[in-house]
Every structure is written in structure tokens, then in C-alpha cells.
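Below is one structure, written out as C-alpha cells, with a few remarks after it.
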Amino acid sequence: MKDLEKSKSRKLEHIKYALEAYSKEDYFKDIKIFNNSVPEINYDEINLKCNFLEKKIDMPVMINAMTGGTDLSFKINRDLSIIAKEFNIPMAVGSQAIIFKDKELERTFKVTRENNKNGIILSNLSALSSLENVKRAIELIEADGIQLHLNPAQELVMTEGDRNFKGMLKNIENIIKNIGIPVIIKEVGSGISFDACKELINAGVEYVDVGGKGGTSFIKIEALRKTSDIFEEIEEIEIPTPQSILFCKLAKPDLNIISSGGISKGSHIIKSIMLGANISGISGPILYKYLNGGMNEAIEYLNLLRENTKILMGCLGCETIEDIKKVKYYYKEEDIIKNFVKSKINI
């Protein structure tokens, strides 16, 4: 029981510190895109629809993993699942590990499916989780896919965190082979490198959520919980989201990539797609709007995000998501990353 109370307390602290741990640095600003003065488009025909996990969604955005396991989490998941249904976009729940400590807490996750019968809902557990637990988490919310999160930095900073990550790749491979739904490997703020992505691909991974530096940092949250300055040192090795997208794209050109970590504007979504992502995951900005203004503020934010994305697409001469992939851009870091990867391959 004591362990359960610690888990509940940690969940609440994650929500408490999430806004403070959101980075204000925009790592997408160095990607330059250029206005098209002769766009040859009709704004009313601009279409944000795309496919994700073999279902059609209305915009390339996902409400990314946040929380679960407390009364506040129940309310957040309940309301965000209603919003996900209204916008016809996917939603991922937060880590479901707490359900294995208290069955009563299942309701804080089940509510997402209850409110969104036909939408895309994703489960979430650690990549170290057993196959049995993964199957239970999926069954609980009738998940369309599962995020297996990679968070060694967070765990190492967390006083009560895991210390042994041996066998993780084999575990991921075993899970992929033994469940019948897509497995999305998700970082939680440190980004996925080229080499790490290659290892994941060799284990059978077809979907990655880069979870790069730039958004809500769970490492910083854990550092705040224990009043430690270790975050400043770990920050030096973290990979910004745009760079992580490129690393993963270079590792496998047809890899299904979700960009997350600092995604808050239409330009971030468009630039992510240009670099090679399929859709973008957003958590921090939605949580901020929700906690400060409830469902109405969160809905207004997503409405504005959709409108601004469409306007920017119009300015670039794009009517579809596929058109975005053809837009020329300039990103100095891309040449550096490509040369780095090339030198690594040739070693």
C-alpha cells in the first residue's frame, strides 16, 4: 500500500511540475521555409486529413501521453478523450503501470475508450514491461496501439527509478512478435539517436515517437522533485526534436515517425512533416491550456492550431499533407547530421 501511495504522489507531482519543466527554447526556428507568392491553391480545399494506424484522422496531430492513476488524472483523461473524439485525432494515455498495483485505478484509463468508442487510443507502458502486463494494458482500453516508453535518463534521476536496462531490446522484440497491434517506441524528452534507432529497427520496430529535447522534460520534473541540478548536465546530451527526426529518417527512410518534444504551433507540425515525420504529438501546451482554462481553452487551442496550420499551408502553396513533403526548406543542422551519420557508417 505504501508503494501505491508513492506512485499516486509521483503522478500528482508530475502534473504539478509539468508546466515548470516545459522548455521555452524553439528548436524548429532554425528550419527556414519560404513564402510562395503564387500558391495556386483554394483555402477552402486545404485538407489536413491523413492516415495513422490504418485509420483516417482529421489532422496530423495526436494528444500525447500525459497521466493516469489519480482522481485528477481521471478528470484530465475523461475530458481530453472527449476532445480527441471531437477533433478525430489519436490520444495516448499516460503510463498504465499503476494499474498493476491497484485495480480500482483502471477507471482513470478506461474512461478514454468509454468516451471515444471508435477513435484511436494508445496504451502506454515502459519498454521493460512484461508481455503479460502489456497485453493487460492493451485489453483494458481496447487500444489500437501501444507506446513503449524509453526513459533511462528519467529513471536514473528518479530516486525510486529503475537502474537495470539490460535486455530491453530483446523485450521490445518479444512484445512486437506477440501482440497483434502496432508498437510505438517513445522517448520522453531526450530524443532518439541514429544508432539507437538502428538498434530498434533491428528489433522489429516500425513506429517511433522521437520525444526530443524541446518540450516537457520528465528529467527536469524528476530533478525538481528531488531539488537536484543534474538536469543541466543531462541536457547537454539530449537531442532536439528536429535533429532526432532526421536521425530516425536516415536510419530508415520509410520508418513511421511521430514528432514530439516542443510541438506547439502549426509551423512545428509542418516542419516536422518536411523533415520526415508522419504526425506530431502534443502534450504540454494542451495540458497548460486545460489546467488554466478547462476544456474550452484546450478546444480553442486546437481550433487555432488547425486554422494556423491551414493558413501556413496556403502561404506555402500546399493543399494536402503530401504537398508539404515537397516544400523546399533550409536547415543548416541537416548537413551536419548527414555528414555525421555518413562518417559513422563508413567507420
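Listed values, structure above:
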read-out: Residue in the stretch 87-97 that is part of a helix (DSSP H, G or I), at pLDDT below 95, under 20 Å from the mean Cα position of the chain (by Cα) and over 20 Å from LYS289 (Cα atoms) present; value: yes
read-out: Residue pairs meeting the criteria (Cβ under 9 Å; at least 6 apart or on separate chains; first touching a residue at least 24 places away in the same chain (Cβ under 8 Å) and closer than 26 Å to ILE336 by Cβ, in the stretch 28-46; second in a loop (DSSP other than H, G, I, E, B) and among the basic types (Lys, Arg)); value: PHE28/LYS265; ILE33/LYS328; PHE34/LYS328
read-out: Selected residue (criterion: nearest to VAL61 (Cα to Cα)) from residues of the stretch 312-347 that are polar (S, T, N, Q) and open to solvent by less than 70 Å² (accessible area, probe 1.4 Å); value: THR320
read-out: Count - residues of the stretch 192-202 that are surrounded by fewer than 24 Cβ atoms within 10 Å (Cβ to Cβ), touching a residue at least 40 places away in the same chain (Cβ under 8 Å) and farther than 18 Å from SER343 by Cα; value: 1
read-out: Test result for ILE237, under 23 Å from ALA277 (Cβ atoms), over 19 Å from the mean Cα position of the chain (by Cα) and modelled with pLDDT under 95; value: yes
read-out: Residue that is out of contact with any strand residue (DSSP E or B) (no Cβ under 7 Å at 6 or more places or on another chain) and farther than 25 Å from ILE31 by Cα, where the choices are ILE219, ILE234, ILE184; value: ILE219
read-out: Per-region count, the stretch 280-289, residues assigned to a helix (DSSP H, G or I) and open to solvent by 30 Å² or more (accessible area, probe 1.4 Å); value: 2
read-out: Members of the stretch 52-83 found to be out of contact with any helix residue (DSSP H, G or I) (no Cβ under 8 Å at 6 or more places or on another chain) and at pLDDT 90 or above, listed by number; value: PHE52, LEU53, GLU54, LYS55, LYS56, ILE57, MET62, ASN64, LYS75
read-out: Top-ranked residue in the stretch 169-214 [being among the acidic types (Asp, Glu) and under 17 Å from ASN124 (Cβ atoms); ranked as modelled with the highest pLDDT]; value: ASP209
read-out: Flag if ALA153 is more than 15 Å from SER95 (Cβ to Cβ), small (Gly, Ala, Ser) and within 19 Å of the chain's Cα centre (by Cα); value: yes
read-out: Test for SER217: is it modelled with pLDDT under 95, of a type in the set (S, T, N, Q) and within 13 Å of the chain's Cα centre (by Cα); value: yes
read-out: Residues (surrounded by fewer than 20 Cβ atoms within 10 Å (Cβ to Cβ) and farther than 30 Å from PHE74 by Cα) located in the stretch 300-311; value: ASN308, LYS310, ILE311
read-out: Scan of the stretch 98-122 for residues that are under 24 Å from LEU150 (Cα atoms) and either under 18 Å from the mean Cα position of the chain (by Cα) or among the hydroxyl-bearing types (Ser, Thr, Tyr) (or both), ordered by number; value: THR108, PHE109, THR112, ILE120, ILE121, LEU122
read-out: The stretch 139-165 - residue that is over 24 Å from ILE121 (Cβ atoms) and either modelled with pLDDT of 95 or more or among the acidic types (Asp, Glu) (or both) and, of those, most open to solvent (accessible area, probe 1.4 Å); value: GLU160
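To keep it simple, each residue is scored yes or no on (1) open to solvent by less than 10 Å² (accessible area, probe 1.4 Å); (2) small (Gly, Ala, Ser); (3) in a helix (DSSP H, G or I).
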| position | (1), (2), (3) |
| --- | --- |
| ILE219 | yes, no, yes |
| SER244 | yes, yes, yes |
| SER264 | no, yes, no |
| ILE273 | yes, no, yes |
| LEU291 | no, no, yes |
| ALA298 | yes, yes, yes |
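The values are calculated or read from the model by the stated rules, or taken from the named source; none is laboratory data. The structure displayed is predicted, hence computed values, not measured ones. Every residue, glycine as well, gets a Cβ built from its backbone with ideal geometry; the counts of neighbours run over all protein chains shown. Calculation scope for accessible area: heavy atoms of the full protein, side chains included, ligands and nucleic acids excluded. Shrake-Rupley method; radii C 1.70, N 1.55, O 1.52, S 1.80 Å.
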